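Data block below; observations after.
The values are calculated or read from the model by the stated rules, or taken from the named source; none is laboratory data. Not measured: the values here are computed from a predicted model. Cβ atoms come from the backbone with ideal geometry, glycine included; neighbour counts cover every protein chain shown.
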Ligand code: SF4
């Protein structure tokens, strides 16, 4: 695997992209940049995001103007420059006509840094305000409408995937929202096929921490567009989950990283879903050696209860 100090494929390598000409030269930034490059490259490889066959893929990289999507685009451009991402990238912003949206910022950013892009203005904001009852949050309908337009644009542009900037904390938040309020174990996958089966949804930042992304975006001085223009707010439940996760991380640093590892380390045989594990087909083959095959997990609570039971006699 490359150490990310040099382009590894001469046919892919080009001059340093304008975006990185003024990148900070500090050791701490170089380490951060390298860590994000490594994580994203690993995530792309693990989920085989770059199709091996046929034509060179083209990805629609979706930018809202927040720190996550700027960082996503920068890391992908960096990997491409280093010759380890043989994909054509088209940056895309869907201007949803939220009041006060500074429509000049992203076009200027793309032009200044010579980044291939497409800007589409589509007033989904009016539809959302019209349809969502008073007091309810807009996000669910807003994101569904946005996703539909992004699929359309990807098809028009001949892209095989839309690429989103969700990160580790987004995946964990979704996991806990589904667990606490949805009654299911599921999160955001790194790679998903849309319902029509013609486009992939990719999340190359899904293993990277929000803190690293925020530090990177700040150091690169991306022109961030505030995310509260729509006037909607996170629901109470999501705010509770965010606060809970922040408190866990504060009390035990590193816990989010451990929990994120669990999303990629699932034991279907130790959950309760017969669609994932064939409990009905689980049979003891013979009595010989049965002791050795018994569930070897210690059960401290049962042992303690048994101890108390006999102690009381
Ligand atoms: S925060 Fe605003 S723009 Fe973002 S999904 Fe929710 S309603 Fe849409």
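This table checks each residue for (1) in contact (Cβ under 8 Å) with a residue 60 or more places away in the chain; (2) over 17 Å from residue 70 (Cβ atoms).
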position: 173; (1), (2): yes, yes
position: 176; (1), (2): yes, yes
position: 181; (1), (2): no, yes
position: 185; (1), (2): yes, yes
position: 224; (1), (2): yes, no
position: 231; (1), (2): yes, yes
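I'd like to know if the stretch 115-136 contains one or more residues that are away from the ligand (no atom under 12 Å from the Cβ) and in contact (Cβ under 8 Å) with a residue 60 or more places away in the chain. Yes. Of the numbered criteria (1) in contact with a helix residue (DSSP H, G or I) (Cβ under 6 Å, 6 or more places away or on another chain); (2) in a helix (DSSP H, G or I); (3) within 30 Å of residue 259 (Cα to Cα), the one residue 174 fails is (1). Taking (1) without any contact (Cβ under 8 Å) to a residue 60 or more places away in the chain; (2) touching a strand residue (DSSP E or B) at 6+ places or on another chain (Cβ under 7 Å) in turn, residue 101 satisfies each apart from (1). Within the stretch 113-148, take every residue that is touching a helix residue (DSSP H, G or I) at 6+ places or on another chain (Cβ under 7 Å) and assigned to a helix (DSSP H, G or I) and give me the one that is surrounded by the fewest Cβ atoms within 10 Å (Cβ to Cβ). Filtering first and then ranking leaves 131.
Please enumerate the residues belonging to the stretch 267-300 that are part of a helix (DSSP H, G or I) and either surrounded by 10 or more Cβ atoms within 10 Å (Cβ to Cβ) or modelled with pLDDT of 65 or more (or both). Listed by number, the residues that qualify are 268, 269, 270, 290, 293, 300.
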